[in-house]
Every structure is written in C-alpha cells, then in structure tokens.
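Visitor: The structure's right below; bear with me while I get my questions together.
Read-outs: derived from the displayed coordinates by stated rules, not from any lab. If you're wondering where the values come from, they're calculated on a predicted model, not measured in any experiment. As a convention, Cβ positions derive from the backbone with ideal geometry for all residues, glycine included, and neighbour counts pool all protein chains shown.
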Amino acid sequence: MDEKNMTVNAEKAYSYDDVDHPSSGTASDTEVHDTKVNFVDRWASKLRAETKGIDMVTDEEKTEDSLWNAATMWFSANLVIATFSLGALGITVFGLAFGQAVLVIIFFTAIGAFTVAYFSCFGPVSGLRQMILSRFLIGDITCRIFSFINVIACVGWGAVNIMASAQLLHIVNNGALPPWAGCLILVLCTIIVTFFGYHVIHLYEKWCWIPNLIIFIIIIVRFAMSGKFQSDGFIGGETTAGSVLSFGSTIYGFATGWTTYASDYTVYQPRNTNRTKIFFAIFAGLFLPLVFILILGAACATGIKSDARWSELYETNSVGGLVYAILVEDSLHGFGQFCCVVLALSTVANNIPNMYSMALSAQTFWSPLAKIPRVAWTIAGNGATLAICIPAYYKFESVMENFMNLISYYLAIYESLMLSSHLIWHKGNFRDYPYERYNDKSAYPLGLAGTFGFCCGVAGVVIGMNQTWYAGVLARQIGEFGGDIAPELGFAFAFIGFNLSRVIEKRYIR
C-alpha cells in the first residue's frame, strides 16, 4: 500500500471516531448532541460518567500520569477474600505442606503477573484497549474469539467471586441475610463504580485497599493468638509433584487473569510515559498483594487440621466459615462480624475490572455491538452476573467453579500468541503498529495463523488438564491424582502452531 492510500485510510479511521463515538472520556452535552449518541450516553454524560468505549484515547485525553494509580488499581483488586480463599486450597485441596505452598505461590504468581505488567505498557503508547490492541498482534478473527471468551470469563468469575462473599455475609448474620440478598448488594455496589468508568474506577481502587489491609492484619493477629498454625514437613514424590503443578496452575490462572484487560487501565497515561516504570509499578501492584494474601490463606488453612470446630465451619461454609472461625467465634465477636462484612465487600474491588472490561470485550467482538454504549454493557454484564450467581449459589456452585477453571486455560494460549507476535514478528517494537488504523482491516492480519495457533493450544490443554471431572492423557500420568500441565502445554502448542502458520499467512494471504 502506498503512502497516499495509508493516509486516506488513516483519515477514514479518525473520521469514524469523530462521527460515531464521543471524542472524550466524559462528553459534554454539546458533544453528545453533535455525535448523536443514544439516550444512555446522554444520561451518563450528565452524571459525568465516562462515555468512551473502544475508540482510541487521543493525546488530549491522556491526562492520567500517576504511577500510584496504576499500581493501586491491581493492588486493591487482589487484596480481597477471593485471593485468601485460593491460597487455602494449597492445604485443603492439594494437600501440600505450608512451605511447599509458599514456594508455589511465589513462583507461579511472578510468572502470571509478568504478562499483565508487560501488556499494560501498550496502553500509553497505543491509546487502545487490550482486545482492540490484539487485532494488530493476532489478527481480526482470533481477536473476536478471545473477546467472546473474555465476556464469558468476566461474567463467570464475577459470579464465582460474589458467591464466596455472599456466603460470608450469610454466616455473619446467622442466616438472617439470605444469600440472594448478599449477591444483590455486591452487584449493586459494583454497578455504581463501573458505571462511571475509568477515572472513578481508579479513584475507588486507589483507596479501597486500606480497610481490606487492616482486616487482613487483624486476621494475622487473631490467627497467631489462636496457636493453631501447623507446618508439616516436605514430602517428595510424583504425587506431590502433581499437586504442585495443579496448585501452581490455579495460582497462575488467578494472577495472569488480568492479562486480557491489561492496557484497558493504562490508556489514559501519556504516550511518553516511561514503560519501565509502568511495568514495575503494575508488577509490584499485582505481586505484593497476591503473595501476601495467598500465603496468609494457606497459613490459616493449616489450622483446620488441629481444630474440629474450624474444620466443621470450613466444610459447611468454605472459606467464609474459616474467616468466621478466626474473627468471630471465641475471638472478636461483634467487631469480628463487622470485619467479616468489610471483607465480604472487598469482592467489589475484584469484580470492578471484570465488569468494566467485559463491556469493552463485548464491543470488540462484533462491530454492531460497539454501537451499544459501554455504560449499557456494564449494567447488562452485572445483571447477567446476578442472574447466574443466585441460582448457582443454591444449585450448581461446584459446577460453576469447575467451568471457570476450564475457561481460565485460554489465558496461556492468548499470552503465547501475543508474545510470539510482538517479540518475534514485530521484534519487540512497541511503535511498530499503525495504532490509528485500528478500524482499518487492511492494517492488521486476518487472523488465520492466530486461530490455528489457538486450536493447537486447545489441543495442548485437553491432553494436559487435570480437573475433578476430566484428566488429560498426559496429566493423569503424574502421580496418584494427576498433575495439571494444561497452561504449559497450551502455551507451547499455541506457540508452535502460530509461528509455523504465520509464515504462510504473512506470505500468501495478508
């Protein structure tokens, strides 16, 4: 394509922005009228909510230059009860010694947090949301596949997180607050924050970690005073290796789960923002709370073995019962119940990124869906979460959790394709993309190589996954209970399939 045609296409891309979408994060009444956005955006703009969806964030709009805001976004989202619950699984489900669980947590958290921090560096330079950015690296078709999966994952994980917190609210009130009411409260709180968009989300996440941290410190003190901590000796062997891999897969999936949202929360950073600083700010914002709370959850779970009452509460109410045992019974009583309520509400901080990015993924999946405002998608996503989590709480909670564990495998495949494209085919150059042509299909691959790589990755996942309802042919060979190597195989198979087929796509197709 010659230079003249490139200029014409670029002008068309900018023309699309100017005509069909608001040109700023919080459009004025005049802008809303001029751009003919529907009544939802007009209503949102009057409330000073962000009306921008998947359009490129312009240089004039890039007014957020705080590294602290970038770091606390993820610090708050992970300093929550869901993280605590995951850490406990290393002891209660996978049967590891506390020291073994700690090593797994540190190693797999670091791997998972890396890609979130790395792809966050694209936000300032590109001004594009993560799924839109993916068009340039893995192609149009593949981007749509991941956008669709992302919508399901955002809603599904939102439901799973809310069920755990609703359980805690239920036990704290001695059953007076029905689970459906707890779900409704948490969803409404999430809607309020996600409705207003990027800047209000960052403002909320900037401070909401403080009460959560205080509660977790209180848990540390009360647990230490209980004297119930136990640390078993290390046990080797194939079965332990399988448990390490399975627990590590779970930790990795949780830590890296934000990768498909990464640049969504840095797009308002100026283009000249130091990428190294962005990377380490976000890596620290992820790694520190995850390691801290995961290890705390594992430590507290060791007390179940030495106290029959704690074991009973955990069996009947899962992690909510464990927290209740530490903070309320024979402990802080009324104040402990208050702490449990605050901790239950911490789920809002974790669900906010899910619901905000879900809207952006829905708009990316199919062009006509981009005409539905982000605000409307946010409300619809929260509604879908509520519709799922209430019946799931009563009927199929375990099925829901198993399904979401299966969904999380797509992250390793996505990262393999994205890293391959950027580091190999674009030689790691962040400016090697015509970002302003994000709506011009001739500016990025069709996605045949990405789709083939995705299919190869799925094949790797199938033979390497180890769930309660299915174990792959390779996974079941590792120890007595098998070992989950789906992320590793999914990454490797996708890497090979994508890079081999990309040669053909680049040479013969586009």
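Visitor: Sorting Trp258, Trp425 on the 10 Å Cβ count, fewest up front, what's the list?
Guide: Trp425, Trp258
Visitor: Under the definition of Cα pairs under 8 Å and six or more residues apart, what whole-number percent is the relative contact order of segment 64-408?
Guide: 41
Visitor: May I pose another question? Once you order the gyration tensor axes a ≥ b ≥ c over the Cα atoms, which shape class does the chain get: rounded for a/c under 1.5, otherwise prolate or oblate by comparing a/b with b/c? Could the numbers behind the result be given before it?
Guide: On the way: a/c = 2.07, a/b = 1.39, b/c = 1.49.
Oblate, because a/c is 1.5 or more while a/b does not exceed b/c.
Visitor: Identify the trypsin sites (Lys or Arg not before Pro) of segment 384-455 meeting these criteria: DSSP loop state and at most 12 other C-beta atoms within 10 Å of the C-beta.
Guide: Lys427, Arg431
Visitor: Can you compute the FRET efficiency between Ala376 and Glu312 using 1/(1 + (r/R0)^6), with r the Cβ-Cβ distance and R0 = 45 Å? Round to the nearest 0.05.
Guide: Values: r = 45 Å, r/R0 = 1.01.
Result of the calculation: an efficiency of 0.50.
Visitor: By count of other Cβ within 10 Å, fewest leading, how are Arg144, Arg374, Arg507 ordered? Display every interim value, and only then the final one.
Guide: Working: Arg144 20, Arg374 27, Arg507 8.
By the 10 Å Cβ count, ascending, the order reads Arg507, Arg144, Arg374.
Visitor: Please give the residues of segment 267-282, grouped as numeric ranges, whose backbone N is less than 18 Å from a label point set 7 Å along the Cα-to-Cβ vector of Thr58.
Guide: 267-272
Visitor: Right, next: Go through segment 317-334 residue by residue and turn each phi into a ³J(HN,Hα) via Karplus (6.51, -1.76, 1.60, θ = phi - 60°); whole Hz please, and just put x for glycine and proline.
Guide: Along segment 317-334, the couplings run 10, 6, 5, x, x, 5, 4, 4, 5, 6, 9, 10, 5, 6, 9, 9, 6, x Hz.
Visitor: Relative to the present Cα-Cα distance, how much length would full extension add between Val93 and Ala284 at 0.36 nm per residue of separation?
Guide: Details: separation 191, 0.36 × 191 = 68.76 nm, distance 2.81 nm.
So the extension gain works out to 65.9 nm.
Visitor: Label point 7 Å out from Leu47 along Cα-to-Cβ: which residues of segment 332-366 have amide N under 19 Å?
Guide: 348-349, 351-360
Visitor: Let a ≥ b ≥ c be the square roots of the eigenvalues of the Cα gyration tensor of segment 58-188; is it rounded (a/c under 1.5), or, if not, prolate (a/b larger than b/c) or oblate?
Guide: Numbers: a/c = 1.91, a/b = 1.48, b/c = 1.29.
Cα axes put segment 58-188 in the prolate bin.
Visitor: Report the gain in length on full extension from Ser66 to Asn173: 0.36 nm times residue separation, minus Cα-Cα distance, nm rounded to one decimal. Working shown, then result.
Guide: Values: separation 107, 0.36 × 107 = 38.52 nm, distance 4.00 nm.
Length difference between fully extended and current span is 34.5 nm.
Visitor: Enter the angle in degrees (range 0 to 90, nearest 10) between the Cα long axis of helix 209-226 and the first principal axis of the Cα atoms of the chain, meaning the one along which they spread out most.
Guide: So the inclination is approximately 20 degrees.
Visitor: How tilted is helix 98-120 with respect to the longest principal axis of the chain? Cα atoms for both, answer in degrees (0 to 90, nearest 10).
Guide: 10
Visitor: Select from Ser357, Phe108, Phe254 the residue farthest towards the positive end of the dipole of segment 64-408; place +1 on Cβ of Lys and Arg, -1 on Cβ of Asp and Glu, and compute about the Cα centre.
Guide: Ser357
Visitor: With a point put 7 Å past each Cα toward its Cβ, work out how far Lys441 is from His333 in nm, to one decimal.
Guide: 6.9
Visitor: Further question on the same structure: How far, in degrees from 0 to 90, does helix 374-391 lean away from the longest principal axis of the Cα atoms of the chain, to the nearest 10?
Guide: The angle comes out near 30 degrees.
Visitor: What residue among Gln230, Met418, Val461 has its Cα farthest toward the positive end of the dipole of the chain, where the charges are +1 on Lys, Arg and -1 on Asp, Glu, each on the Cβ?
Guide: Checking the options against the dipole of the chain, the answer is Met418.
Visitor: To continue, here is another question. What does the helix-only formula give at 222 nm for the chain: each DSSP H stretch with n ≥ 4 adding -39500 (n - 2.57), the total divided by the residues, and the result rounded to the nearest 500 deg cm²/dmol? Walk me through the numbers before you get to the answer.
Guide: Details: 22 runs with 344 residues, N = 510.
Roughly -22500 deg cm²/dmol at 222 nm, from the helical runs in the chain.
Visitor: Starting from 0.36 nm per residue, how many nanometres of slack lie between Asn274 and Lys395 once their C-alpha separation is accounted for?
Guide: Details: separation 121, 0.36 × 121 = 43.56 nm, distance 4.91 nm.
Going from the current span to full extension adds 38.7 nm.
Visitor: Let me ask something additional. Listed here are the pairs Lys371/Lys506; Lys62/Lys277; Lys62/Lys206; Lys62/Lys441; Lys52/Lys206; Lys206/Lys427; which of them are more than 23 Å apart at the Cα? Kindly include the intermediate steps, with their values, before the conclusion.
Guide: Values: Lys371/Lys506 32 Å; Lys62/Lys277 17 Å; Lys62/Lys206 18 Å; Lys62/Lys441 26 Å; Lys52/Lys206 21 Å; Lys206/Lys427 35 Å.
Beyond 23 Å: Lys371/Lys506; Lys62/Lys441; Lys206/Lys427.
Visitor: Using Cα centres only, tell me the gap between segment 191-213 and segment 83-101 in whole Å.
Guide: Segment 191-213 and segment 83-101 have Cα centres separated by 29 Å.
Visitor: Order by neighbour count: Met225, Met163, fewest other Cβ atoms within 10 Å first, most last. Intermediate values should be presented prior to the final figure.
Guide: Details: Met225 10, Met163 25.
Arranged by neighbour count, lowest to highest, Met225, Met163 become Met225, Met163.
Visitor: Using the Cα gyration tensor of segment 114-166, with a ≥ b ≥ c the square roots of its eigenvalues, what is the shape: rounded (a/c below 1.5), prolate (a/b larger than b/c) or oblate (neither)?
Guide: oblate
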